[in-house]
Amino acid sequence: MRTSDQTLDDILNLAATHFKVPREKLTPDGDFFKTLGIDSLQALDLLTRLEHHFNVELPDYELQGVSDFRTLASRIQARL
Amino acid sequence: MNKFKGQALSWELKDGVVEVRLHREPCNEIGSRTLEELEKFVAALDGASHDTHALILYSTLKSGFCAGADLRELYQRSQQMNRADAAKGVRHFLERVHRVMNTIDASPLTTIAAVHGVTFGGGFELALVCDLIIADKMARFCFPELRLGLIPGFGGIPRLKRDLGNGVVRDLLLTGRSFNATKAQAVGLVSQVVAEGEALEVARATAAQLKKFDRRTAIAAKQFIKPIPYEELRREIDIFCDLFTGPAVEAGLKKFVESTDAQPYLP
């Protein structure tokens, strides 16, 4: 069973790689819109990548208002 | 029919396949310009030669296939007239859109939507008129209309009901959530899911396969298995126009148009 920390780490690595941001700039409580410099369409792209990576379905309404990696990880962890 | 280059879309006929490229920034929103060019396309489609066997519809924009109706144009136009005139204008627009959609839906060609990224609202409805949907693994499908106080108006519900189980239709429509390509394939909406950036090439390969079959047989098969739900499509226009005059719509459109939220695309 994957731990919450592993899930969070995977998300940070995936986001850093895909959006070409140095991994050390991303922190669990950081605002991913700001740190990744993404808009709503790119957020959908991230959501799709996360769904594929973790093999889960993430209804977008569950992410409404979510902007930090830690909360995002907890939403995913709840569906693993 | 051979070639056309417009502001919102272009097409080219080559080796019996018509390829329609959508290329209106930011994400192929369907407003009056796109509709005019789609009308031009379906008029030209009537004159397609007997050697033509397939149609591929795709987007050249990175953002996706199509984000749906041009809500900014809809809002701005409706602000320039009284409620009754705005409703009349919307009905006229929808009737034109439906004529285009119904013509592509009933086309004797085998039609393929090669989609990627955002395939929302009217963009989803445009894909639904095609016989096959080939999706890049990064495609997302969504009907976000309820957040605007509306239902999809370009024929989406009757066509979804034709193609999918009603439970899936209710999920998409009533929650407004989006599906990724894998989920869309699992529920029967998408025929093939392919790697990022490969949807068009796979659509071309599929179109090449279709060329091997007798056209008369392919047309008969399509007519048999893909009836067009004309009556429900008419009802959809009526329901949409009825809802359009309600106060929720103006508020919903205003909120979307004026939004500085980082997530305006999320329902």
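Relative to the longest principal axis of chain B, what angle (0 to 90°, nearest 10) does the C-alpha long axis of helix B:166-175 take?
Between helix and principal axis, roughly 40 degrees.
What is the fewest-to-most order of A:H52, B:H116, B:H53 by other Cβ atoms lying within 10 Å of their Cβ?
Neighbour counts put them in this order, fewest first: A:H52, B:H53, B:H116.
To make sure I understand the rule: partners must be lysines, Cα under 18 Å from the Cα of B:K211, and not fewer than 8 residues away in the same chain. Which ones qualify?
The reachable lysines, counting only those whose Cα sits under 18 Å from B:K211, are B:K14, B:K222.
Tell me which residues come under 5 Å, amide H to amide H, from B:R140 once H is placed; ignore anything under 5 positions away on its chain.
B:G117, B:V118, B:T119
Can you list which of the chymotrypsin sites (Phe, Trp or Tyr not before Pro) found in the range B:173-267 are DSSP loop residues with at most 16 other C-beta atoms within 10 Å?
Counting only loop positions with at most 16 other Cβ atoms within 10 Å, the chymotrypsin sites (Phe, Trp or Tyr not before Pro) in the range B:173-267 are B:F213.
Taking a quarter of the surface of the Cα convex hull of chain A, what do you get in nm²?
4.6
Between B:K3 and B:D15, what is the spin-label point distance in nm, taking each point 7 Å from the Cα along the Cα→C-beta axis?
Result for the modelled spin labels: 1.8 nm.
Could you tell me how many degrees, from 0 to 90 and to the nearest 10, lie between the Cα long axis of helix B:247-258 and the main elongation axis, the longest principal axis, of the Cα atoms of chain B?
70
What longest region of chain B stays clear of trypsin sites (Lys or Arg not before Pro) that DSSP places outside H, G, I, E and B and that have at most 16 other Cβ atoms within 10 Å?
B:63-210
Using alpha carbons only, how many degrees (0 to 90, rounded to 10) separate the axis of helix B:230-244 from the longest principal axis of chain B?
30
With +1 on the Cβ of every Lys and Arg and -1 on the Cβ of every Asp and Glu, and nothing else charged, how large is the dipole of the range A:4-77 about its Cα centre, in debye rounded to the nearest 20? Walk me through the numbers before you get to the answer.
Details: 7 positive and 13 negative charges, 50 e Å.
Using only the charged Cβ atoms, the result is roughly 240 debye.
With just the Cα atoms defining each centre, how far is the range B:56-104 from the range A:8-67? Give it in Å.
32
Under the classification rounded if a/c is under 1.5, otherwise prolate if a/b is larger than b/c and oblate if not, where does chain B fall, given a ≥ b ≥ c as square roots of the Cα gyration tensor eigenvalues? Please list the in-between numbers first.
Numbers: a/c = 1.60, a/b = 1.47, b/c = 1.09.
Note, shape of chain B comes out prolate.
Would you pull out the residues with amide H under 5 Å of B:V194's amide H, same chain only if 5 or more places away, H placed 1.01 Å from N?
Residues meeting the amide H criterion: B:A135, B:D136, B:K137.
At 7 Å along Cα-to-Cβ for each site, give me the label-to-label distance between A:S74 and B:A44 in nm.
Modelled inter-label distance: 5.4 nm.
What residue among A:D60, A:D29, A:D39 has the largest mean-square fluctuation in a Gaussian network model of chain A, using Cα springs under 10 Å?
The residue that fluctuates most here is A:D60.
Run through the DSSP bridge list for the protein assembly as shown and note the antiparallel percent, rounded to the nearest 5.
Looking only at bridges with both residues in the protein assembly as shown, the antiparallel portion is about 35 percent.
Can you tell me the relative contact order of the range A:4-77? Whole percent, Cα pairs under 8 Å, sequence separation 6 or more. Write down the numbers at each step before the final one.
Values: 62 pairs, mean separation 30.1, N = 74.
Over the range A:4-77, the number comes to 41 percent.
By how many nm would the segment from B:D163 to B:H92 lengthen if fully extended, with 0.36 nm per residue of separation less the alpha-carbon distance? Intermediate results must be reported in sequence, preceding the final value.
Details: separation 71, 0.36 × 71 = 25.56 nm, distance 2.68 nm.
Stretched fully, the B:D163-B:H92 segment lengthens by 22.9 nm.
What is the spread of the Cα atoms of the protein assembly as shown along each of their three principal axes, largest first, in whole Å?
For the protein assembly as shown, the Cα spread along each principal axis is 60, 53, 37 Å.
Each reported figure results from applying straightforward, stated rules to the coordinates on display, with no laboratory input. Since we're looking at a predicted model, the values are computed, not measured. Using ideal geometry, Cβ is built from the backbone for each residue, glycine included, and neighbour counts are taken over all protein chains shown.
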